Amino acid sequence: MEARQEVSAWRPRIPGVAEVLHAHFTEHAYPMHLHDVWTLLIVDDGAVRYDLNRRAHGTPHDTVSLLPPQVPHNGSSATSQGFRKRVLYLDLTQLDESFIGPAVDGPDLADPLLRRRIGQLHTALTSPGDDLEAESRLALISERLRNHLRPRLLTHPPQPDRGVAHHLRDLLDERLPHGIRLDEAAELVHAHPAHLVRAFTASFGIAPHQYLLSRRITHARRLLLDGRPPAEVAPETGFHDQSHLTRHFKRLTGTTPGRYAGGAGVEGGRPAAGGGRRPGTKRLPTGGGGR
């Protein structure tokens, strides 16, 4: 089968939604990565398998998947036909960090009403002038997600600080564009470099260099959706040049920075008429939330 990719991404004007992504992939597999926002995923065709917090999960028909921020995950097609998905990236105003633990325990929700509402929100987000409808639907979705997660909160007492791994994560976040050498980080947190790498990977389920790359790609995505050209985005997000950005961006997102930005075609926070998309990117069906 010839590999296909259709990607459309944009930042809507609706508070609480950091980004919308519609995509169709036949062969792309996401490596381990993470986001600093919530990933609310529905799959319209095919199925996705993924690992979250070292446990395998999947997206059978009509499942809603909620992947929490700061928890590494990957993803690939569970069928030979690939998958077609729609994603809402929700910021922490919709679900705060206290819900991360419960979401890790059960990220896949079998809730037909929730799925239908998510499909309706996607439709509203592609319809000019429907801001109030989108905001209303988002409020109901966020409330239903909290109701799913709240009963599990009591089983998740606050975690104590785990030391050097968290210090290294803080350093990586603080020095996102320029990075930091491992020996310098080890000196700053008073740990041997090898111990630091092992502790970080054990605590967060992702190696320090993978974490840094994932955070840089997230930053790049936001700048691209702001309309910044890839040649400017690359050095600002810590990449040597545009080709360096393109190589890692495509590996993580399944498309190039230019296509990702071109797929936005933003007009008032939504895909513009005709999409403003370059060849190879198409807006996906948005009706109803089903297959």
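Is one or more of the residues making up region 44-54 free of Cβ contacts under 8 Å to residues at least 40 places away in the same chain, small (Gly, Ala, Ser) and farther than 30 Å from ARG228 by Cα? Yes; the residues of region 44-54 include at least one that is free of Cβ contacts under 8 Å to residues at least 40 places away in the same chain, small (Gly, Ala, Ser) and farther than 30 Å from ARG228 by Cα. Just one residue in the set SER136, SER98 is farther than 20 Å from LEU212 by Cβ and either open to solvent by 70 Å² or more (accessible area, probe 1.4 Å) or over 20 Å from the mean Cα position of the chain (by Cα) (or both); that residue is SER136. Of the listed requirements (1) in a helix (DSSP H, G or I); (2) surrounded by fewer than 20 Cβ atoms within 10 Å (Cβ to Cβ), LEU176 misses just one: (1). Residue pairs whose Cβ atoms lie under 8 Å apart, sitting 6 or more positions apart in sequence or on different chains, and linking a residue in region 213-224 that is farther than 17 Å from LEU90 by Cα and in contact (Cβ under 8 Å) with a residue 24 or more places away in the chain to a partner that is buried (at least 22 other Cβ atoms within 10 Å of the Cβ) and small (Gly, Ala, Ser), are ALA220/ALA234; LEU224/ALA261; LEU224/ALA264. Being open to solvent by 10 Å² or more (accessible area, probe 1.4 Å) and among the hydroxyl-bearing types (Ser, Thr, Tyr) is the filter here, so list the residues in region 63-93 that pass it. Listed by number, the residues that qualify are THR63, SER76, SER77, THR79, SER80, TYR89, THR93.
Among the candidates THR246, THR201, THR218, which residue alone is open to solvent by less than 20 Å² (accessible area, probe 1.4 Å), at pLDDT 50 or above, under 28 Å from ARG181 (Cα atoms) and assigned to a helix (DSSP H, G or I)?
Step by step, each of THR246, THR201, THR218 is checked, and only THR218 is open to solvent by less than 20 Å² (accessible area, probe 1.4 Å), at pLDDT 50 or above, under 28 Å from ARG181 (Cα atoms) and assigned to a helix (DSSP H, G or I).
Applying a threshold of 7 Å to beta carbon distances and a minimum spacing of six or more residues, or different chains, the list of pairs starting in region 99-119 at a residue that is touching a residue at least 60 places away in the same chain (Cβ under 8 Å) and ending at one that is surrounded by fewer than 17 Cβ atoms within 10 Å (Cβ to Cβ) and among the hydrophobic types (A, V, I, L, M, F, W, C) reads ARG117/LEU140.
The values are calculated or read from the model by the stated rules, or taken from the named source; none is laboratory data. The structure presented is a predicted model; accordingly, all values stated were derived computationally and were not measured. All Cβ positions, glycine included, derive from the backbone under ideal geometry; neighbour counts span all protein chains shown. Note: areas computed on protein heavy atoms with side chains; ligands, DNA, RNA excluded. Shrake-Rupley method; radii C 1.70, N 1.55, O 1.52, S 1.80 Å.
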